[in-house]
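Right, one structure below, let's go through it.
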Amino acid sequence: MLEVVGWVGSAVVVWSMMQQRILRLRFINLVGCLLQIVYNSVLGVWPVVGLNVVLAAVQLVNLYRLLGRRHSEEAYEVLRVDPQGEYLHHLLARHRGDIERFTPGFRGPVPGGAAYLIVKGEETVGYVLLHDTGDGVAQIDLDHVVEKYRDLTPGEFVFNSSDILVEDGYRRVRTAPGVREPYYDRIGFTEVGGAYELDLVGAR
């Protein structure tokens, strides 16, 4: 049984390094470190125990920081960009596979629509494309977050924390039909007729 704990701990550490999502990586790595602490403590291999205690502490600190800033208004910035701009089209091409998986009906920016980049420092972590359907209602054509940040809800920041959509004249947002694995019900949206809607003005 002790050998199983050791091998499982090693496998979990290796598995953690294969993760693309930063929050998942740190959590799984923490579990692997804890298993290694148990295994090597029983064997009395104290240098390895010490190493894994330090690594576990590092992961705990990083998890605390990540989760603590998850809903912070300082975590991200939202920038208006040209929907026909070269950089946005580069991102759409780069993430085509994920976009087809989560938003199979997306066919590109709608003429006359709007586009917003979600940035963290110098890094682009996601983007939202939408278009005005009248009466201050915006339909979300694409809400994409890069895999690394997918557990940290930067999309929530656009709709619930940033005022940029209200400043641009929208009072309500509605998702496109057919969005797969939606998270909108967890951030205040209400399901209406197979789509999700959020009152931007009432949410503030």
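The values are calculated or read from the model by the stated rules, or taken from the named source; none is laboratory data. These figures come from a predicted structure and were not determined experimentally. Cβ: placed from backbone, ideal geometry, glycine included. Neighbour counts: every protein chain shown. These accessible areas exclude ligands, DNA and RNA; they are computed on the full protein's heavy atoms, side chains included. Shrake-Rupley method; radii C 1.70, N 1.55, O 1.52, S 1.80 Å.
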Taking r as the C-beta separation of Glu123 and Asp163 and R0 as 35 Å, the FRET efficiency to the nearest 0.05 is 0.95
In Å², rounded to a whole number, the accessible area per residue of the chain with probe 1.4 Å is 56 Å²
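If I stretch the segment between Leu43 and Ser10 completely, what's the gain in nm (0.36 nm per residue apart, minus their alpha carbon distance), one decimal?
Details: separation 33, 0.36 × 33 = 11.88 nm, distance 1.52 nm.
Here the answer is 10.4 nm.
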Calc'd 3J(HN,Hα), the range 86-98, phi into Karplus 6.51 cos²θ - 1.76 cosθ + 1.60 (θ = phi - 60°), Hz, glycine/Pro = x, comes to 5, 5, 4, 5, 5, 5, 4, 5, 5, 9, 4, x, 5
Between the alpha carbon centres of the range 135-177 and the range 28-55 the gap in Å comes to 42 Å
For the chain, the percent of accessible surface on carbon and sulfur atoms (probe 1.4 angstrom, ligands and nucleic acids excluded) is 56 percent
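Calculate, for Leu60 and Arg94, the FRET efficiency according to 1/(1 + (r/R0)^6) with r their C-beta to C-beta distance and R0 30 Å; round to the nearest 0.05.
Numbers: r = 33 Å, r/R0 = 1.11.
Between Leu60 and Arg94 the formula returns 0.35.
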The size of the Cβ-based charge dipole (Lys, Arg +1; Asp, Glu -1) of the range 23-132 about the Cα centre, to the nearest 20 debye, is 420 debye
Which of [x] 16.9; [y] 20.8; [z] 19.1 is the computed Kirkwood radius over Cα pairs in Å? It is [z]
Taking a label point 7 Å from the Cα of Arg101 along Cα-to-Cβ, the residues of the range 131-149 whose backbone nitrogen sits under 14 Å from it are 144-149
